[in-house]
Amino acid sequence: MNDKQFEHIFALLKASFPTSERRNYAGQKELLADPHYRLITETNSDNQVIAFMAVWEFPSFRFIEHIAVDPNTRGSGIGGKIMASYMEESSKPILLEVEYPDTDMAQRRIGFYERLGFRLNPFDYVQPPLQKGETYLPLKIMSYPQILTEEEFTDRKEILYTNVYKVTELPSQ
């Protein structure tokens, strides 16, 4: 990935996610060296990135950290297409984080993932801070193709906290 592509992806990330749900520029760029992390992009006819997915791939599951579509292209089905393609190529369970379903927008996002086959898990979960000065963010975990057992959830959460968020001490919930 060249610097210009990364710049565009980071601009799209900033436009699509609040500060509490993304890393700063240096932190995001640093992830490119992690062997578990990869960016999947969709480009237009001018070879400009119009959508991306940031994913983590572990031995027992995959984790979608971010998915974003250029505001000028939203509603065209590109987000669903990228997700469906990733799900189709995966033989492992896939997890992602969503907000609590207490706003219309959060309910619409959850509905989007449910239409793809994801299931909302009942367990308490918080996302560790991605930047200095941010706090733990209460979220829910969705999983595909089925709801996790409590043991699976605990195992996956520990892997996420250790590898994605670099948290050594897990918060009590």
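The values are calculated or read from the model by the stated rules, or taken from the named source; none is laboratory data. All of these numbers come straight from a predicted model, not from anything done at the bench. When we count neighbours, we look across all protein chains shown, and the Cβ atoms used for this are built from the backbone with ideal geometry, even at glycine. The accessibility values were calculated without ligands, DNA or RNA, using every heavy atom of the protein model including side chains. Shrake-Rupley method; radii C 1.70, N 1.55, O 1.52, S 1.80 Å.
Within segment 27-51, the set of residues being surrounded by 12 or more Cβ atoms within 10 Å (Cβ to Cβ), part of a loop (DSSP other than H, G, I, E, B) and modelled with pLDDT under 95 comprises Asn44, Gln48. Among the residues of segment 125-173, just one is small (Gly, Ala, Ser) and either under 22 Å from Thr103 (Cα atoms) or open to solvent by less than 40 Å² (accessible area, probe 1.4 Å) (or both), namely Ser143.
Name the residue, out of Met105, Met87, that is within 17 Å of the chain's Cα centre (by Cα) and at pLDDT below 95. It is Met105. Residues that are in contact with a Ser or Thr (Cβ under 8 Å, 6 or more places away or on another chain) and either surrounded by 15 or more Cβ atoms within 10 Å (Cβ to Cβ) or among the basic types (Lys, Arg) (or both) are absent from segment 73-81 altogether. For segment 87-107, indicate whether the set of residues that are among the aromatic types (Phe, Trp, Tyr), surrounded by 14 or more Cβ atoms within 10 Å (Cβ to Cβ) and closer than 15 Å to Lys140 by Cβ is non-empty. No, segment 87-107 contains no residue that is among the aromatic types (Phe, Trp, Tyr), surrounded by 14 or more Cβ atoms within 10 Å (Cβ to Cβ) and closer than 15 Å to Lys140 by Cβ. For Asn24, indicate whether it is open to solvent by 30 Å² or more (accessible area, probe 1.4 Å), farther than 20 Å from Leu130 by Cβ and not aliphatic (A, V, I, L, M). Considered against the rule, which asks whether it is open to solvent by 30 Å² or more (accessible area, probe 1.4 Å), farther than 20 Å from Leu130 by Cβ and not aliphatic (A, V, I, L, M), Asn24 comes out as no. Of the residues that sit in segment 59-71 and are open to solvent by 10 Å² or more (accessible area, probe 1.4 Å) and part of a loop (DSSP other than H, G, I, E, B), which one is nearest to Glu7 (Cα to Cα)? Of everything passing the filter in segment 59-71, Asp70 is nearest to Glu7 (Cα to Cα). Condition test on Phe52, is it aromatic (Phe, Trp, Tyr) and under 26 Å from Asp155 (Cβ atoms)? In short, no.
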